[in-house]
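Written out below as structure tokens is the structure these notes cover.
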Amino acid sequence: MTRTPVNVTVTGAAGQIGYALLFRIASGHLLGADVPVKLRLLEIPQGVKAAEGTAMELDDCAFPLLKGIDIFDDPNQGFEGANVALLVGARPRTKGMERGDLLAANGGIFKPQGKAINDHAADDIKVLVVGNPANTNALIAQAAAPDVPAERFTAMTRLDHNRALTQLAQKTGASVEDIKRLTIWGNHSATQYPDIFHAEIAGKNAAEVVNDEAWLADTFIPTVAKRGAAIIEARGASSAASAANAAIDHVHTWVNGTAEGDWASMGIPSDGSYGVPEGLISSFPVTTKDGKYEIVQGLDINEFSRARIDASVKELAEEREAVRGLDLI
Ligand SMILES: NC(=O)c1ccc[n+]([C@@H]2O[C@H](COP(=O)([O-])OP(=O)(O)OC[C@H]3O[C@@H](n4cnc5c(N)ncnc54)[C@H](O)[C@@H]3O)[C@@H](O)[C@H]2O)c1
Ligand SMILES: O=C(O)C[C@H](O)C(=O)O
């Protein structure tokens with residue numbers, strides 16, 4: 001049976017994450033090895049020529065699943081009929097720049113894009129915001145799309161999740177695939193909280209395996225939370241291939257489901273669970289099935305975790321106030 005191609009819109013298609021992302025979408029890693037896709041690339045006018053070059057390279061790969069590429073500089077056209085939208089295009093943080101500085105610079109991009117999604121995307125649209133500050137940009141886009149169910153707007157904390165998996169694997173000598181149920185809570189920022197108290201390593205509680213609270217507090221958490229800044233310091237540019245990989249993982253998990261006994265981290269609108277104020281787009285542990293996600297309920301949150309979740313959520317609430325003040329939501 002021939003399947004109808006899924007329309008995938010990627011903003012910032014000519015950027016460095018876009019370059020690492022598009023070939024993997026076209027080769028079936030985003031949605032599945034049997035799902036044809038049509039790419040809709042959205043750029044600013046100055047980025048269109050480079051996007052055309054990337055499209056030529058995509059053509060030259062002769063991907064069997066790639067059923068079309070269109071390039072736009074108008075969000076209304078770029079999101080027309082989109083089933084999946086990856087909002088990557090934004091101003092990346094450069095050396096010495098704080099994420100807060102990005103709010104005003106990037107907020108203006110996400111409001112019109114949210115409105116264009118509202119007016120033109122397909123009814124089943126799923127949105128992942130990658131461009132920073134990702135959680136609050138997702139909130140801005142969501143607020144501009146009142147006709148789209150709020151839960152379709154998500155922000156990427158899967159890169160943090162993957163970073164935490166590897167740090168924990170390296171500390172304990174485990175393989176990443178032996179680690180389950182790790183959680184990133186809060187904001188995709190230096191306040192995020194990677195939580196191993198419910199994680200398991202080959203079936204054993206990860207915190208008990210590690211048994212080293214000083215390592216947790218002074219090494220693990222800051223290494224994961226500040227990894228983005230460390231990559232910028234080392235590369236002179238923000239992470240690209242690993243961010244693209246995490247975007248693939250996020251959408252693949254959302255569409256195709258989490259494995260039995262495991263969960264993933266996604267930035268999603270809070271329903272008030274775990275004391276996170278309703279509406280903030282905060283990272284939670286989620287299971288996914290049939291294209292829908294659910295927050296994992298009933299986890300015991302100890303004092304160590306509570307303080308850290310609260311600190312990150314406080315930052316999210318402040319970002320929400322800041323964008324309210326800028327009339328962006
Ligand atoms: N959430 C995460 O884990 C994570 C990780 C890494 C990077 N990021 C963020 O992702 C974003 C993109 O990073 P990058 O390295 O690809 O940046 P980049 O500068 O290489 O590319 C950004 C692209 O977006 C385009 N763009 C700008 N405004 C646009 C608009 N209004 N519409 C469409 N396209 C637009 C630019 O022309 C450029 O081609 C940055 O905000 C970065 O901080 C997030
Ligand atoms: O662009 C950044 O601020 C860093 C990026 O979000 C990352 O986590 O690598």
Test: residue in segment 147-155 that is within 11 Å of ligand 1 (Cβ to nearest atom) and touching a helix residue (DSSP H, G or I) at 6+ places or on another chain (Cβ under 6 Å): yes
Identity of the residue in segment 228-251, within 29 Å of Leu31 (Cα to Cα) and more than 14 Å from the chain's Cα centre (by Cα), that ends up farthest from ligand 2 (Cβ to nearest atom): Ala237
Among (1) touching a Phe, Trp or Tyr at 6+ places or on another chain (Cβ under 7 Å); (2) within 14 Å of ligand 1 (Cβ to nearest atom); (3) of a type in the set (A, V, I, L, M, F, W, C), the one test that Ala26 misses: (2)
Qualifying position, being within 16 Å of Ala244 (Cα to Cα) and out of contact with any strand residue (DSSP E or B) (no Cβ under 9 Å at 6 or more places or on another chain), among Ala13, Ala33, Ala20: Ala20
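What residue, of Thr219, Thr223, Thr191, Thr258, is within 16 Å of ligand 1 (Cβ to nearest atom), β-branched (Val, Ile, Thr) and more than 19 Å from Asn137 (Cβ to Cβ)?
On the way: Thr219 fails: within 16 Å of ligand 1 (Cβ to nearest atom); Thr191 fails: more than 19 Å from Asn137 (Cβ to Cβ); Thr258 fails: within 16 Å of ligand 1 (Cβ to nearest atom).
So the residue among Thr219, Thr223, Thr191, Thr258 that is within 16 Å of ligand 1 (Cβ to nearest atom), β-branched (Val, Ile, Thr) and more than 19 Å from Asn137 (Cβ to Cβ) is Thr223.
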Tally of residues being in contact with a strand residue (DSSP E or B) (Cβ under 9 Å, 6 or more places away or on another chain), more than 16 Å from ligand 2 (Cβ to nearest atom) and open to solvent by 30 Å² or more (accessible area, probe 1.4 Å) across segment 147-170: 3
Hits in segment 1-18 - residues which are in contact (Cβ under 8 Å) with a residue 60 or more places away in the chain, of a type outside the set (A, V, I, L, M) and more than 16 Å from ligand 2 (Cβ to nearest atom): Pro5, Asn7, Thr9
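The values are calculated or read from the model by the stated rules, or taken from the named source; none is laboratory data. Here the structure is a predicted model, which is why all the values come from computation and not from measurement. Please note: Cβ atoms are built from the backbone with ideal geometry, for glycine as well, and neighbour counts cover all protein chains shown. The area values use the complete protein model at the heavy-atom level, side chains included, leaving out ligands, DNA and RNA. Shrake-Rupley method; radii C 1.70, N 1.55, O 1.52, S 1.80 Å.
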